[in-house]
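Accompanying notes for the structure given below.
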Amino acid sequence: MFAPTLRLIFLLYFFSTNMNYVYSYGHKFDQASKAIRLDLIKRFQKLGINVTPDQWFVLELLHDNSKGMTQNDIVKLTNKDAPTISRIVDLLCKKDFTERKPFRGDKRKHKIVLSDQGLHVVLKAQQEILSSYQTGWSELNDDDLNHLNRIVSKIVDNYESDEVVDFHNR
């Protein structure tokens with residue numbers, strides 16, 4: 001009985017401080033991310049394309065880098081960890097959307113390239129992806145998008161810096 005009381009006191013304190021706005025913005029970012037992912041999934045299903053948004057992002061990167069990329073390059077550009085990218089690439093290879101090609105000079109490394117079937121999938125889905133983003137961004141003007149980009153970039157920078165943000169003393 002003592003522990004639940006302490007938990008309740010903590011929760012009441014947490015939600016009564018000026019952290020409410022931080023929590024609600026974090027919640028809004030999460031809602032937006034989920035809405036985008038769900039919309040993309042529905043569009044992929046409508047097109048009969050069996051990929052997830054994370055797999056799509058890798059396909060798109062490979063399309064933009066037609067000479068191929070190492071898994072390490074993909075890790076850096078996606079901000080995902082190496083095991084996650086390895087699983088995504090494995091799945092894309094099993095679906096015949098990508099291929100592993102030997103890397104010149106290093107037999108341990110491979111370049112990941114888009115297969116012909118993967119290229120077909122990308123070309124088939126591109127317009128639908130563009131429509132998805134146009135739907136989500138439809139009521140945002142250039143100033144809104146610039147502010148959003150600036151704010152999100154600052155949030156990312158804050159997390160990547162060694163500084164600790166003290167929200168209670170704002």
Check which residues have an amide H placed less than 5 Å from residue 109's amide H, if you skip close sequence neighbours. 103
Only counting other Cβ atoms within 10 Å, I'd like 44, 57, 29, 97 sorted with the fewest neighbours first. 29, 57, 44, 97
What list of ³J(HN,Hα) couplings, whole Hz, do you get for the stretch 87-100 from phi and the Karplus terms 6.51, -1.76, 1.60, once you set θ to phi - 60° and write x for glycine and proline? 5, 4, 5, 4, 5, 5, 5, 4, 7, 6, 8, 9, 9, 9
Gain on full stretching of the segment that runs from residue 79 to residue 153 - 0.36 nm per residue minus C-alpha separation: 25.2 nm
Under 30 Å Cα to Cα from residue 111, which lysines show up? Leave out anything in the same chain fewer than 8 places away. 67, 76, 80, 94, 95, 101, 124
Provide Rg and Dmax in Å for the stretch 40-139, with only Cα atoms included in the calculation. 14.0, 51
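Read-outs: derived from the displayed coordinates by stated rules, not from any lab. Keep in mind that this is a model prediction, so the values were computed, not measured. Because the Cβ atoms are built from the backbone with ideal geometry, glycine has one as well, and the counts that use them run over all protein chains shown.
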